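For reference, the structure discussed in these notes is given below.
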Amino acid sequence: MRSMWICAGAALTGLVGCGADAVRDVATFEEMVEESAAMAERVAEMPIARATDMPTTGSATFEGLAAIGAYTERESALLGDLSVQVDFAGEEIRGRIDGVTGSVDGGPVQDWDGALVLSDGYAGLFSGGGVGPDGPFEIPAYGGFDADLSGDLTAGTDVIVVDGTLRGEFHVEEGRVAALSGNSGSDEMNVVLNGTDVGGVVTVVGERP
C-alpha cells in the first residue's frame, strides 16, 4: 500500500532549477508523500471492521490525506488534506479534501485552490459474495462506506473537475473503529483536466484521534 503513495513522488522529477516558491511547494509535497505513506502502512495493518465492531451510536472524525491521480500523458499526482465526519447512529458520512498540492501532466508542483466534497454518503454494513473455483462464496458483513465525491481544483490556468464515487472500509485497533481507507475505481470517477476528460482515481486514508 505504501508504494501507492510513494509513486506520487514521481511528480517531483524535473523540478530542479525552479524558483523559491516552487521549491517550497516541492518540500511540502515531499512531506505529504512521506506522511501519507506512513499512515497508509499503519492502517493497512489494522483489520477491517466486522459487523460486531461497528458502533450504532455516536459519531467520529477522521483526519488524513488523499491522493488524486489523473491519466495524463505525463505524470500527474496531487495530495490533499482529508477530513471526514461519520455519524454512526445515522449511518451517514461526509467530508472534504482541500489543501491540495501537486502537479499535472508533468508540470511544476504547485498549490491548488478549491476542494473536493464527500456527500450523500452511507456508512454502515456491507456484504457480498460471488462464485469462485470452488463454487459460490459469501463475504461476511463488514464496516464500510460509499459517498459521492465532487469538486473543482484550480492552479494558475489549470482546472481539474472531479465527479464520482468513493468507496472504502473502516479499520479496527484496540477494540474501536480507529481508521478508514478507500478509493474510487477508474470506472467510477470522472476527472476532467482543462476541459478534457482524462479519467483518474482518488485514494484516501484517515485516522481517528
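Answer with yes or no whether GLY64 is within 18 Å of the chain's Cα centre (by Cα) and under 23 Å from ALA44 (Cα atoms).
yes
Look at region 36-78 and say how many of its residues are closer than 20 Å to GLN110 by Cα, surrounded by fewer than 15 Cβ atoms within 10 Å (Cβ to Cβ) and either small (Gly, Ala, Ser) or in contact with a helix residue (DSSP H, G or I) (Cβ under 9 Å, 6 or more places away or on another chain) (or both).
0
From LEU149, LEU153, LEU180, LEU116, grab the single residue that is buried (at least 20 other Cβ atoms within 10 Å of the Cβ), touching a helix residue (DSSP H, G or I) at 6+ places or on another chain (Cβ under 9 Å), at pLDDT 95 or above and not aromatic (Phe, Trp, Tyr).
Within the list LEU149, LEU153, LEU180, LEU116, the selection yields LEU180.
Let me confirm something: among GLY156, GLY144, GLY151, GLY135, which residue is under 15 Å from the mean Cα position of the chain (by Cα) and on the phi > 0 side of the Ramachandran plot?
Residue meeting the stated conditions: GLY151.
The values are calculated or read from the model by the stated rules, or taken from the named source; none is laboratory data. Since we're looking at a predicted model, the values are computed, not measured. FYI the Cβ positions are ideal-geometry reconstructions off the backbone, even for glycines, and counts take in every protein chain you see.
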